[in-house]
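S.K.: Please read through the structure below; I'll follow up with questions.
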């Protein structure tokens, strides 16, 4: 009863309001402003990155990680028969206290819905198994690839200095593993270690960006993520990315979990907010008829795998929306009130390699609001806004105030869940993952998540496809502005070489603005980046030609309108109007009541 009473008190609206006020008042004015601007998508808390900054951070990360792994492995080893000295025991205890991500935990309890299937296998609490896979991770080679560049300037610097893969030095505590730190990435057991995936650059950089380059916090989150993956998926989750496809050999989800994701109560929107962040949407009582294992496995895949692969979302964070408008409040309160739901939700928030930068909650009553805020933890509460609305129209209006597009929000005005974009997303992920399966034997440092297709283009991608969806894309608007400004220079270049140089200069200007070109593949329903220069010049030439045609069409239409207006003015110059409303005749460029067409600038001044 005491725990239930405490839960009720923490969910009380007045108590939570006081708690939120205290948490916000504990921040400085600048910090509160920064969080508010980040919430609205007009500011990013991520630092400006460069190649040297990334290399230094990754080096420090591996050094700190090796120290943590060594201390944890020593802690997990069984004591010797002769015992250990008091100094060694005290140092081991201190190392354990400094390693919160790998401390021994109580096994996760089921939520009572289906005890036989809801409980997960707490592999990370098995000291022998855990000690073995941590030792394998410690002895896994690691390096920073050449393509760890985040800006054009860094790319130019890298080309000039001709960097190669640089092995990261190990700390003094891990000199016994220094013989294993090589850069070989073959397919054999010795050349391609089992846990190369979790020590690859592409996996490590997510945690560094998530914690805004705080290395200590990044390593802690990394270790918590390892525990979460092992407990919910098994040791194989440390060897390769998770896959959704049910037809592949590496399917990581059961039939029940496949059905859960097709229900549409948890989706990634196919668009981004004004700052380029991915948007996740939870609807109603997500997965109430399923176990907590089913729910959190899908959450880790969608957020911890798919959304975290996006570089812009790694830097700027994820936008989350929860809408409770079409379900019973009692059902939601029951699910949130489960102890395992509260515990595992906080554990999930601490383990995912991605931070939430905006969280919008739409509920209809204060009690449910209090229970949700109590479940998500302090750090997420600081970037959370709770809205009390009565319908989808009001919800969409509020989201647009925060720079979130609502034209593809997965709920109709009648409350029905939209699944068209969801099924398309499943097909897209299946296509991407089936191609990735063919390259698991290669180095994970060199695997580009966008190499096999892009499902959700960022704001700096010029979209080349048929249809009107690309016309208003921010990068397409920038591209048209450049083409419209440079199109007047087209007639000045008459020779073939001059025209080629002209097209090349436009491409360089586009690249200098941080834009790239993506072509839509109708068969795969994915975007592919255009890297071939010949194809790129063809697309730019077509854009110049279309812009020239639009300019000539506008000029012809303008000349025609001027001729019509001149003729009309000459014909109707002697017409007088006695009506007091005649001042407004012709303002819409339409004929007047007596058949006259008057231009807006030829009205006779009325005498009042």
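The values are calculated or read from the model by the stated rules, or taken from the named source; none is laboratory data. These numbers were taken from a predicted model, which means no experiment stands behind them. Methodologically, a virtual Cβ is constructed for each residue, glycine included, from the backbone with ideal geometry; neighbour enumeration extends over all protein chains shown.
S.K.: Tell me, please, whether a residue that is touching a helix residue (DSSP H, G or I) at 6+ places or on another chain (Cβ under 6 Å), without any contact (Cβ under 8 Å) to a residue 60 or more places away in the chain and surrounded by fewer than 19 Cβ atoms within 10 Å (Cβ to Cβ) can be found in the stretch 388-396.
M.R.: Within the stretch 388-396, not a single residue is touching a helix residue (DSSP H, G or I) at 6+ places or on another chain (Cβ under 6 Å), without any contact (Cβ under 8 Å) to a residue 60 or more places away in the chain and surrounded by fewer than 19 Cβ atoms within 10 Å (Cβ to Cβ).
S.K.: Can I ask one more? For the stretch 21-47, what are the residues that are in a loop (DSSP other than H, G, I, E, B) and either under 21 Å from residue 360 (Cβ atoms) or not assigned by TED's automatic domain parsing to the domain that holds residue 213 (or both)?
M.R.: Answer for the stretch 21-47, where residues must be in a loop (DSSP other than H, G, I, E, B) and either under 21 Å from residue 360 (Cβ atoms) or not assigned by TED's automatic domain parsing to the domain that holds residue 213 (or both): 27, 40, 41, 42, 43, 44, 45, 46.
S.K.: Given 364, 346, 331, 342, which one is at pLDDT below 90, closer than 21 Å to residue 217 by Cβ and in the same structural domain as residue 262 (by TED's automatic domain parsing)?
M.R.: When all the criteria are applied, what remains is 346.
S.K.: Moving on to the next point. Among helices (runs of 4 or more DSSP H) lying entirely in the stretch 474-573, which contain 2 or more residues that are modelled with pLDDT under 85 and surrounded by 14 or more Cβ atoms within 10 Å (Cβ to Cβ)?
M.R.: Helices (runs of 4 or more DSSP H) meeting the threshold: 533-571.
S.K.: Confirm whether residue 224 is in a helix (DSSP H, G or I) and touching a helix residue (DSSP H, G or I) at 6+ places or on another chain (Cβ under 9 Å).
M.R.: Yes: the conditions hold for residue 224.
S.K.: Among the residues of the stretch 291-327 satisfying the criterion of being buried (at least 21 other Cβ atoms within 10 Å of the Cβ), on the phi < 0 side of the Ramachandran plot and part of a loop (DSSP other than H, G, I, E, B), which is modelled with the lowest pLDDT?
M.R.: The qualifying residue modelled with the lowest pLDDT is 324.
S.K.: How many of the residues in the stretch 231-247 are in a helix (DSSP H, G or I) and farther than 15 Å from residue 353 by Cβ?
M.R.: 3
S.K.: Quick check: anything in the stretch 258-275 modelled with pLDDT under 90, in contact with a helix residue (DSSP H, G or I) (Cβ under 7 Å, 6 or more places away or on another chain) and assigned by TED's automatic domain parsing to the domain that holds residue 345?
M.R.: No, there is no match, as no residue in the stretch 258-275 is modelled with pLDDT under 90, in contact with a helix residue (DSSP H, G or I) (Cβ under 7 Å, 6 or more places away or on another chain) and assigned by TED's automatic domain parsing to the domain that holds residue 345.
S.K.: If you check every pair at least six apart or on different chains, which have Cβ atoms under 6 Å apart with a residue in the stretch 31-57 that is over 24 Å from residue 383 (Cα atoms) first and a residue that is surrounded by 14 or more Cβ atoms within 10 Å (Cβ to Cβ) and modelled with pLDDT of 90 or more second?
M.R.: That search, which allows pairs on different chains as well, returns 57/208; 57/213.
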